[in-house]
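Chemist: A single structure is presented below for examination.
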Amino acid sequence: MPRPLTSKERDLVAFILGQHSPLQGHFDLVEEMNDGEMGSLRFVGTADRRFGRCIGEAEFDDADGVLVSVALNADQHGELFELDLWKVDFSPLQKIAALTELRSPNGGRHGP
């Protein structure tokens, strides 16, 4: 069932996109994906959408210290498609990190 993005999910998407303001518009609604509770989301859109390309990445350490890798994917039309979270040990996500704890995959931090 579709639901709005949480504030931490919004922060994560904005961090990856390099924006300093909350996302607005019709991509506010997401559906949780069947990924073993690692936290992946699919943005609600038309039924004929499919993966197009990865538009950005981030990473953070979960509450248990396990690395979480994040990819923000666009569909074939360039619209937000998936927020793909992958916990390297495949365990369920405990929490999305605060904005100050997010980092780019090369170890650097960016964002506000």
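Chemist: Give just the number: which of (1) touching a strand residue (DSSP E or B) at 6+ places or on another chain (Cβ under 6 Å); (2) surrounded by fewer than 19 Cβ atoms within 10 Å (Cβ to Cβ) does Lys87 not satisfy?
Modeler: Every listed condition holds for Lys87 apart from (2).
Chemist: What's the total number of residues in the range 38-62 that are at pLDDT 75 or above and under 24 Å from Gln94 (Cβ atoms)? Reasoning before the result, please.
Modeler: So in the range 38-62, the residues at pLDDT 75 or above come out as 39-62.
Next cut, under 24 Å from Gln94 (Cβ atoms) only: 39-43, 56-62.
Within the range 38-62, residues that are at pLDDT 75 or above and under 24 Å from Gln94 (Cβ atoms) number 12.
Chemist: For Gly65, indicate whether it is in a loop (DSSP other than H, G, I, E, B) and at pLDDT 95 or above.
Modeler: On the way: in a loop (DSSP other than H, G, I, E, B): yes; at pLDDT 95 or above: yes.
So Gly65 passes the test.
Chemist: Of everything in the range 8-32 that's over 20 Å from Leu102 (Cβ atoms) and modelled with pLDDT of 85 or more, which residue is surrounded by the most Cβ atoms within 10 Å (Cβ to Cβ)?
Modeler: Only one residue fits best here, namely Leu29.
Chemist: Could you run through the range 43-70 and say how many residues are surrounded by fewer than 18 Cβ atoms within 10 Å (Cβ to Cβ) and within 17 Å of Leu5 (Cα to Cα)?
Modeler: Residues in the range 43-70 being surrounded by fewer than 18 Cβ atoms within 10 Å (Cβ to Cβ) and within 17 Å of Leu5 (Cα to Cα): 2 in total.
Chemist: Let me ask something additional. Among the listed residues Pro105, Pro92, which satisfies the condition of being over 20 Å from Phe15 (Cα atoms) and either of a type in the set (Gly, Ala, Ser) or modelled with pLDDT under 95 (or both)?
Modeler: Pro92
Chemist: Right, here's the next one. Can you tell me which residues in the range 68-93 are part of a loop (DSSP other than H, G, I, E, B) and either in contact with a Lys or Arg (Cβ under 8 Å, 6 or more places away or on another chain) or closer than 15 Å to Val30 by Cα (or both)?
Modeler: Gln76, His77, Glu79, Leu93
The values are calculated or read from the model by the stated rules, or taken from the named source; none is laboratory data. Small disclaimer: the values here were computed from a predicted structure and weren't measured. Counting neighbours? That spans all protein chains shown, and the Cβs are built from the backbone with ideal geometry, glycine included.
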